[in-house]
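J.: Sharing a structure with you now.
The values are calculated or read from the model by the stated rules, or taken from the named source; none is laboratory data. Predicted model, so just to flag it, every value in this text is computed and none were measured. Cβ: placed from backbone, ideal geometry, glycine included. Neighbour counts: every protein chain shown.
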Amino acid sequence: MPHLTIQGETQLNGKVAISGAKNSALPLICAALLTDKVLSLHNFPMLTDTTKLLEILSELGAKATIIADKSGRTGSPQQLEIEFKDIISPLAVHEAVNQMRASILVLGPLLAREGQATITLPGGDAIGARPIDLHLKGLQQMGAQVEIIDGKVISTAPKGGLTGAHIKFPFISVGASEHLMLTAALAKGETILENVALEPEITDLAHLLQKMGVPIEGIGTSTLQIQGKNGVPLTSASHHIIADRIEAASFVIAAIATKGNVTLTHAHPDIIKGFLDILTKNGANIAIDGHQITVSGAPENFNPITIDTAPYPGFATDIQAQLMALLCLVDGKSQINELIFENRFMHATEYQKMGAKIDIQGAKATIHGGAKLHGTDIAASDIRACFGLVIAALAAQGETILRHIYHLDRGYENFEQKFKGLGAVMKRHT
Ligand code: EPZ
């Protein structure tokens, strides 16, 4: 199994370019199913998650081309051109579907375009049960028949296609919001989505759908009104994917944990303003200049804090593991309440192996910070935990062996190159 060795007591210094957002790129790729014209996505991050989704779509008939972008205007140095002239199969039963939660986003658009769609039940990270009931209920409200048989979701649209509906989500789901926005774009008539997630990736998707000719009102609010195109394929479009706010926030934390001074370029500071404010209030030095964020700090100058994870604009569950790494180093008692996913503290056990003092009680992690961490043999449980463990390893004494690094390749473009550019000493063993 490939693993990384990481040298500890390393300060990160220098500049790092933030890539296009993984969690925007995935739904944006699925928008290609709604048109027979070319869709161009600039600032496209090359990750195993994005390339796996392209593999799934290629099996359905998509032609995807990656083109180098040397303009320096994007954090991800390439763009994707994708075209779905003809869909050759309504069956997305590729093994990759099972490995990636976001592949559920293929179902509705495929159903809206082809009148039928079958997809393997999606898998994903081991962070909780992660049901898809909101996704399926929404499709049913648009008139679809949906059954789950032998690990597959089998769906059929009525004669005349899917019809717009008034869908009120009982709680906030990023994926279900995106899925039903994509599907509504090709349905007949108006869809109203209430209690939609407010994540910047939702706004990015709404902007792309608008460029593809879909009238949408309420962008940036929790109610969207979408005028569906009644099965008529959408137009071609060119779109710049927003910067990855989770990658940016992770590097900010890494800079403070290692007592470094790091400038992030190609970032969107406005979409992580709440996060940056919390860090500034608690001891980090942060300066913003356009798309650049410069951060310096040190654990000894940082306050212990209590944080609840919450939907945007609350504190993102996707930054919780990285923050925990920093809080292990900060003197005093901190607390993290994980209120989005029921099983997202698996990284705590690995920090404990490194010497951290953390008590877990259900959704509450109490971190008794200030202990010296030491390098050891640890393994990552998900994409974000993996970054958190790298932060802990860089701050720890001695060398760390980090396993399950496929999570890094899933979620962070040019991960080692970026860290080495900031002065980290790490080596991949294959
Ligand atoms: C998205 O997952 C992100 N993934 C996750 O990032 C992120 O942690 C999560 O949103 C929350 O911000 C992508 O964008 C690809 P949800 P998603 O539906 O859409 C429950 C990463 O590391 N739920 O908002 O799957 C669910 O179990 C990943 O990049 C239902 O019960 O998250 C969870 O408790 C990890 N029924 C809560 O809602 C449903 O039908 C929020 O999940 C759907 C969700």
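J.: Only one of E114, E178, E95, E147 is in contact (Cβ under 8 Å) with a residue 60 or more places away in the chain and of a type in the set (D, E); which?
T.: E178
J.: Tell me which of these A31 doesn't satisfy, since it passes every other one: (1) small (G, A, S); (2) within 27 Å of A257 (Cβ to Cβ); (3) crowded, with 19+ Cβ neighbours inside 10 Å.
T.: All conditions pass for A31, except number (2).
J.: Conditions first: (1) more than 16 Å from the chain's Cα centre (by Cα); (2) in contact (Cβ under 8 Å) with a residue 40 or more places away in the chain; (3) more than 16 Å from the ligand (Cβ to nearest atom). A62 passes all but one, so which condition is the exception?
T.: (2)
J.: In the stretch 245-260, which residue that is charged (D, E, K, R) and either in contact with a Pro (Cβ under 7 Å, 6 or more places away or on another chain) or surrounded by fewer than 24 Cβ atoms within 10 Å (Cβ to Cβ) (or both) is nearest to A298 (Cα to Cα)?
T.: Across the stretch 245-260, the extreme among qualifying residues is K259.
J.: Can you find a residue in the stretch 152-163 that is charged (D, E, K, R), touching a residue at least 12 places away in the same chain (Cβ under 8 Å) and surrounded by fewer than 23 Cβ atoms within 10 Å (Cβ to Cβ)?
T.: Yes - at least one qualifying residue is present in the stretch 152-163.
J.: Name every residue in the stretch 120-168 that is at pLDDT 95 or above, within 16 Å of the ligand (Cβ to nearest atom) and closer than 16 Å to C30 by Cβ, in order of residue number.
T.: Correct list: H135, G138, L139, S155.
J.: Determine which member of the set I256, I202 is within 23 Å of G290 (Cβ to Cβ) and either away from the ligand (no atom under 13 Å from the Cβ) or without any contact (Cβ under 8 Å) to a residue 40 or more places away in the chain (or both).
T.: Checking each option against the conditions leaves just I256.
J.: Kindly list the number of the only condition in (1) more than 16 Å from the ligand (Cβ to nearest atom); (2) part of a loop (DSSP other than H, G, I, E, B) that fails for F171.
T.: (1) is the only condition that F171 fails.
J.: Okay, next question. Select, from I88, I67, the only residue that is in a strand (DSSP E or B) and either over 17 Å from K152 (Cβ atoms) or within 16 Å of the ligand (Cβ to nearest atom) (or both).
T.: The conditions single out I67.
J.: May I ask you to verify whether G297 is more than 30 Å from F44 (Cα to Cα), of a type outside the set (V, I, T) and surrounded by 17 or more Cβ atoms within 10 Å (Cβ to Cβ)?
T.: yes
J.: Sort through S177, S103 and tell me the only one that's of a type in the set (S, T, N, Q), in contact with a Leu (Cβ under 8 Å, 6 or more places away or on another chain), closer than 19 Å to T50 by Cβ and crowded, with 19+ Cβ neighbours inside 10 Å.
T.: S103
J.: Right, something else. Scan the stretch 3-46 for residues that are of a type in the set (A, V, I, L, M, F, W, C) and in contact with a His (Cβ under 8 Å, 6 or more places away or on another chain) and jot them down.
T.: Of everything in the stretch 3-46, those that are of a type in the set (A, V, I, L, M, F, W, C) and in contact with a His (Cβ under 8 Å, 6 or more places away or on another chain) turn out to be L4, A17, I18, L28, L39, L41.
J.: Shifting gears a bit: Could you list all residues from the stretch 115-151 that are in a helix (DSSP H, G or I) and surrounded by 15 or more Cβ atoms within 10 Å (Cβ to Cβ)?
T.: Of everything in the stretch 115-151, those that are in a helix (DSSP H, G or I) and surrounded by 15 or more Cβ atoms within 10 Å (Cβ to Cβ) turn out to be L134, H135, L136, K137, G138, L139, Q141.
J.: Follow-up. Can you find, within the stretch 390-414, the residue that is nearest to M100 (Cα to Cα) among those that are among the acidic types (D, E) and within 16 Å of the ligand (Cβ to nearest atom)?
T.: Restricting to residues being among the acidic types (D, E) and within 16 Å of the ligand (Cβ to nearest atom), the top hit is D409.
J.: Turning to a different aspect of this structure: So in the stretch 196-226, with the set limited to residues that are part of a loop (DSSP other than H, G, I, E, B) and of a type in the set (V, I, T), which one is surrounded by the most Cβ atoms within 10 Å (Cβ to Cβ)?
T.: Only one residue tops the list, namely V196.
J.: Six or more apart or on different chains, Cβ under 9 Å: which pairs go from a residue in the stretch 332-360 that's within 16 Å of the ligand (Cβ to nearest atom) to one that's outside any helix (DSSP H, G or I) and of a type in the set (K, R)? Could you list them?
T.: I336/K364; N337/K364; E338/R344; E338/K364; F341/R130
J.: Find the strands (runs of 3 or more DSSP E) located wholly in the stretch 276-325 whose residues include 2 or more that are closer than 23 Å to A371 by Cβ and free of Cβ contacts under 8 Å to residues at least 60 places away in the same chain, and list them.
T.: 306-308
J.: Quick test of your reading of the structure: E247 fulfils all but one of (1) closer than 15 Å to N23 by Cβ; (2) in contact with a helix residue (DSSP H, G or I) (Cβ under 6 Å, 6 or more places away or on another chain). Name the failing condition by number.
T.: The one condition E247 does not meet is (2).
J.: Quick test of your reading of the structure: C386 fulfils all but one of (1) surrounded by fewer than 22 Cβ atoms within 10 Å (Cβ to Cβ); (2) closer than 27 Å to M100 by Cα; (3) among the hydrophobic types (A, V, I, L, M, F, W, C). Name the failing condition by number.
T.: (1)
J.: Could I ask something else about it? Answer with yes or no whether I378 is assigned to a strand (DSSP E or B), surrounded by fewer than 17 Cβ atoms within 10 Å (Cβ to Cβ) and hydrophobic (A, V, I, L, M, F, W, C).
T.: It is false that I378 is assigned to a strand (DSSP E or B), surrounded by fewer than 17 Cβ atoms within 10 Å (Cβ to Cβ) and hydrophobic (A, V, I, L, M, F, W, C).
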